[in-house]
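Colleague: Before anything else, here's the structure in question.
The values are calculated or read from the model by the stated rules, or taken from the named source; none is laboratory data. Since the model is a prediction, treat every value here as computed from it, not as a measurement. Counting neighbours? That spans all protein chains shown, and the Cβs are built from the backbone with ideal geometry, glycine included.
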Amino acid sequence: MRIPPKIKQALKKPLGRVHRSLEEIKQLSHGHKLVAVGDVCVLALLGLGIFPHVAVFDFRYMRRALDLEKRKILMRMYPKPWAFKNPRGTVSNALIKKVPEILKRGGAVKIDGEEDLTALAFMKYAPADTHVIYGQPHEGIVLVRKDKKLDKILRKVFDTR
């Protein structure tokens with residue numbers, strides 16, 4: 001599913017509250033399942049001793065290859081990830097179909113392509129007790145909770161087919 005440019009532009013604003021403190025994220029995530037999208041985001045949580053229920057990564061950060069040591073950490077922690085191709089500017093239809101199952105089972109998703117927009121599919125299907133977090137470059141980590149405002153945004157995104 002290709003995300004139209006107008007919607008992509010609107011999505012550059014965080015869909016939740018931006019946090020600069022990892023300790024804040026740790027406190028806010030207590031009692032919730034987490035879907036972490038982005039290599040650095042996943043690694044930051046692992047560094048805090050938090051194992052995300054779902055981890056989404058592509059072995060890249062800011063369009064550069066993730067260094068080998070960090071790749072090894074992700075491969076060690078998530079030896080058998082689900083794998084999906086996701087071209088830039090899209091959310092893979094194959095991934096969208098599998099998200100409910102992935103959310104139920106947990107684990108990791110390795111994206112061949114760009115993982116940023118895949119967060120939208122997890123936000124759409126995440127139950128109320130699950131928070132989606134992702135990095136906002138040069139600002140911090142965004143924690144997204146289900147609410148009516150988010151549902152309205154996601155309807156716009158997914159009803160553009």
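Colleague: Do we have any residue at all in segment 33-40 that's at pLDDT 95 or above and either more than 25 Å from residue 91 (Cα to Cα) or assigned to a helix (DSSP H, G or I) (or both)?
Modeller: Yes, segment 33-40 has at least one match.
Colleague: Could you check, for segment 12-32, whether at least one of its residues is acidic (Asp, Glu), within 26 Å of residue 113 (Cα to Cα) and surrounded by 13 or more Cβ atoms within 10 Å (Cβ to Cβ)? Please lay out each step first, then the result.
Modeller: If we filter segment 12-32 for residues that are acidic (Asp, Glu), which is where we start, we get 23-24.
Filter again for within 26 Å of residue 113 (Cα to Cα), leaving none.
Looking for residues that are acidic (Asp, Glu), within 26 Å of residue 113 (Cα to Cα) and surrounded by 13 or more Cβ atoms within 10 Å (Cβ to Cβ), one finds none in segment 12-32, hence no.
Colleague: Then there's this: What's the total number of residues in segment 67-105 that are surrounded by fewer than 14 Cβ atoms within 10 Å (Cβ to Cβ) and touching a residue at least 40 places away in the same chain (Cβ under 8 Å)?
Modeller: So the count comes out to 1.
Colleague: Further question on the same structure: What pairs can you find where one residue is in segment 1-16 and in contact (Cβ under 8 Å) with a residue 12 or more places away in the chain and basic (Lys, Arg), the other is surrounded by 15 or more Cβ atoms within 10 Å (Cβ to Cβ) and outside any helix (DSSP H, G or I), and their Cβ atoms are less than 6 Å apart, with a gap of 6+ or different chains?
Modeller: 2/90
Colleague: I would also like to ask the following. Considering segment 19-69 alone, what residues qualify as being of a type in the set (Lys, Arg), touching a Leu at 6+ places or on another chain (Cβ under 7 Å) and more than 17 Å from residue 81 (Cβ to Cβ)?
Modeller: Across segment 19-69, the qualifying residue is only 26.
Colleague: Here's a check for you: in segment 60-93, which residue that is among the β-branched types (Val, Ile, Thr) and not in a strand (DSSP E or B) is farthest from residue 7 (Cα to Cα)?
Modeller: Ranking the candidates gives 73 first.
Colleague: Of the numbered conditions (1) among the hydrophobic types (A, V, I, L, M, F, W, C); (2) touching a helix residue (DSSP H, G or I) at 6+ places or on another chain (Cβ under 6 Å); (3) closer than 17 Å to residue 113 by Cα, residue 62 satisfies every one except a single condition; which is it?
Modeller: (2)
Colleague: Check segment 48-56 and report whether any residue there is outside any loop (DSSP other than H, G, I, E, B), over 14 Å from the mean Cα position of the chain (by Cα) and not hydroxyl-bearing (Ser, Thr, Tyr).
Modeller: no
Colleague: Cβ contacts < 8 Å: first residue over 17 Å from residue 113 (Cα atoms), restricted to segment 37-50; second residue of a type in the set (Lys, Arg), any location; separation 6+ or different chain. Result?
Modeller: So the pair list comes out as 43/70; 48/26; 50/26.
Colleague: Give me the residue from segment 44-64 that is among the aliphatic types (A, V, I, L, M) and farther than 14 Å from residue 110 by Cα and, out of that set, surrounded by the most Cβ atoms within 10 Å (Cβ to Cβ). Steps first, please.
Modeller: Applying the first criterion (among the aliphatic types (A, V, I, L, M)) to segment 44-64 yields 44-46, 48, 50, 54-56, 62.
Subset that is farther than 14 Å from residue 110 by Cα: 44-46, 48, 50, 62.
Numbers: 44: 17, 45: 21, 46: 18, 48: 13, 50: 18, 62: 10.
Going through the qualifying residues, I end up with 45.
Colleague: Tally time: how many residues in segment 1-32 are outside any helix (DSSP H, G or I), among the aliphatic types (A, V, I, L, M) and over 24 Å from residue 159 (Cβ atoms)?
Modeller: 1
Colleague: Select from segment 94-129 the residues that are in a strand (DSSP E or B) and modelled with pLDDT under 95 and list them in ascending order. Even if it seems obvious, please write down each step before you answer.
Modeller: Within segment 94-129, the first condition is being in a strand (DSSP E or B), and the residues that meet it are 107-113.
Hit for segment 94-129 is 113, nothing else.
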